[in-house]
Amino acid sequence: MTIDVAVVGGRFGGEFLPLYRSHPEVGRVALCDIDQDTLHRVADTYGVRDRFDSLETLLASDDFDAVHIATPVRFHVDQSVAVLDSGRHCASAVPMATTLDGIRRVLAAQRSSRRTYMMMETMVLGREFFHVRDLYERGELGALTFLRGAHIQNLDGYPRYWYGYPPMTYSTHALSPLLALAGARVRTAVGLGSGRLTPDRRGDFDNPFPVETALFQLDKGDLAAEVTVSFFQTGRTYYEGFSVYGHEAGVEWPQLNEDDGLRVYRLEPLGGGDGPVGRGRSASATVVHPLDRPDLLPPELAPFVRPTTFHPGEGAPAVRLGSAHGGSHPHLVHEFVTSIVESRAPVVDALTAAAWTAPGICGHESALRGGERIEVPDFVSEQEVRA
């Protein structure tokens, strides 16, 4: 069985076209973009014949089984709902939505359509997460004690629709790996904003903060997670990572870039190492470079976990491709495609996406209210009540 896939949004979505074209269970691949120059330039680059200049035109056709939404955040809800309502499977870039109402709209569309919805969260299918998950599942971390994530990125010079964007509503890259590892959901959020956006960066949103931090209380193991997100006025190199601490060991994301490796701390026996006898446990520190996991992919996709060359065919020149987000993109494509082919829920299905997106929305609302504790909806319970 093969499926036909259309990608909407040529700029970011273009990175996925070679992956879909290479997947053994994908037939035709199309690109959709409202900008004619982008549409034809990207489609020509990756050897894509089928082209649409609007989502409406794509959905009005009888073609293509699945649609991958890779457009700006403000379109995710309406476009995801339209795709699902058309009877097609839907993958969407993060976040699922920026409001609780938007989350519920997507959940309702997925439930009524009975089609696959997957949020394409990069951080839970990258080499670093796979490594930390394996440590935890082998018991090397011990019981989890505390979780921390951060996403700091300067968006000066980006398209104006990013200006003033509420940072905590884009927290899935920092929060999702923590929740996936702990197997937990967030019960409450307490958020605080820090600093004030300059007038030229305020944009069209209700957000005054360049930085937002939230404490999330989880529903498992009395755990708490701390997440910070900033898009403006924060002097730091790009950082998108997480740290996990357990009774026996902890793992911290590299401070500068992925090539620096994870730092793994392991507690020594009491009195061991360099610590004084009977007074605390010292810890060893080791730098680890997580291995790729091509074994989780079909041979056709395995090369894409690292920079590689893609050959579009039909006389088009070869394209040198990067490998962003911890080599997660081929894993995302493979998970989305195989979940459809195998008629199963993907690893980040609609309810999981809702549980990973809503805490940031509530954290931002808490920050606007000066740190008021906000209950995060339990969408599984809501669905059970509706049923």
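THR308 meets all of the listed conditions (1) open to solvent by 10 Å² or more (accessible area, probe 1.4 Å); (2) in contact (Cβ under 8 Å) with a residue 40 or more places away in the chain; (3) β-branched (Val, Ile, Thr) but one, namely (2).
Just for segment 100-122: of the residues that are hydrophobic (A, V, I, L, M, F, W, C) and open to solvent by 20 Å² or more (accessible area, probe 1.4 Å), which one is nearest to LEU59 (Cα to Cα)?
First, pick out the residues of segment 100-122 that are hydrophobic (A, V, I, L, M, F, W, C): 100, 103, 106-109, 118-120.
Adding the requirement that they be open to solvent by 20 Å² or more (accessible area, probe 1.4 Å) leaves 100, 108.
On the way: LEU100: 26, ALA108: 19 Å.
Ranking the candidates gives ALA108 first.
A single member of ASP53, ASP101 is of a type in the set (D, E, K, R) and farther than 19 Å from LEU39 by Cα, and it is ASP101. Close Cβ contacts (under 8 Å, 6 or more residues apart or on different chains) running from residues in segment 25-40 that are of a type in the set (S, T, N, Q) to residues that are surrounded by fewer than 18 Cβ atoms within 10 Å (Cβ to Cβ) comprise GLN36/ASP53; THR38/ARG11. Residues in segment 85-99 that are over 20 Å from the mean Cα position of the chain (by Cα) and not acidic (Asp, Glu) were compared, and the one that is surrounded by the most Cβ atoms within 10 Å (Cβ to Cβ) is ARG88.
Looking only at segment 323-349, count every residue that is assigned to a loop (DSSP other than H, G, I, E, B) and touching a residue at least 24 places away in the same chain (Cβ under 8 Å) and tell me the total.
Kept after step one, since they are assigned to a loop (DSSP other than H, G, I, E, B), are these residues of segment 323-349: 323-324, 328, 342-349.
With touching a residue at least 24 places away in the same chain (Cβ under 8 Å) added as a condition, the list becomes 324, 328, 345-349.
Here the count works out to 7.
Scanning segment 248-271 for residues that are at pLDDT below 95 and of a type in the set (Asp, Glu), which turns out nearest to ILE152 (Cα to Cα)? Among them, the one singled out is GLU258.
Does segment 290-304 include one or more residues that are open to solvent by less than 50 Å² (accessible area, probe 1.4 Å), within 29 Å of ARG11 (Cβ to Cβ) and assigned to a helix (DSSP H, G or I)?
Yes, segment 290-304 contains a residue that is open to solvent by less than 50 Å² (accessible area, probe 1.4 Å), within 29 Å of ARG11 (Cβ to Cβ) and assigned to a helix (DSSP H, G or I).
This table checks each residue for (1) in contact with a strand residue (DSSP E or B) (Cβ under 6 Å, 6 or more places away or on another chain); (2) hydroxyl-bearing (Ser, Thr, Tyr); (3) crowded, with 19+ Cβ neighbours inside 10 Å.
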residue: LEU125; (1), (2), (3): no, no, yes
residue: LEU141; (1), (2), (3): yes, no, yes
residue: GLY149; (1), (2), (3): yes, no, yes
residue: PRO166; (1), (2), (3): no, no, yes
residue: GLY183; (1), (2), (3): no, no, no
residue: VAL186; (1), (2), (3): yes, no, yes
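Checking the conditions here, which among ALA354, ALA324 is closer than 27 Å to ALA6 by Cβ and either at pLDDT below 95 or open to solvent by 20 Å² or more (accessible area, probe 1.4 Å) (or both)? Quick ask: steps written out before the conclusion?
Working: ALA354 fails: either at pLDDT below 95 or open to solvent by 20 Å² or more (accessible area, probe 1.4 Å) (or both).
Of the residues listed, the single one that is closer than 27 Å to ALA6 by Cβ and either at pLDDT below 95 or open to solvent by 20 Å² or more (accessible area, probe 1.4 Å) (or both) is ALA324.
The values are calculated or read from the model by the stated rules, or taken from the named source; none is laboratory data. All values derive from a computational prediction rather than experimental measurement. A quick note on method: Cβ atoms are made from the backbone with ideal geometry, for glycine too, and the neighbour counts reach across all protein chains shown. When the accessible area is computed, the model is the full protein with side chains, heavy atoms only, and any ligands, DNA or RNA have been set aside. Shrake-Rupley method; radii C 1.70, N 1.55, O 1.52, S 1.80 Å.
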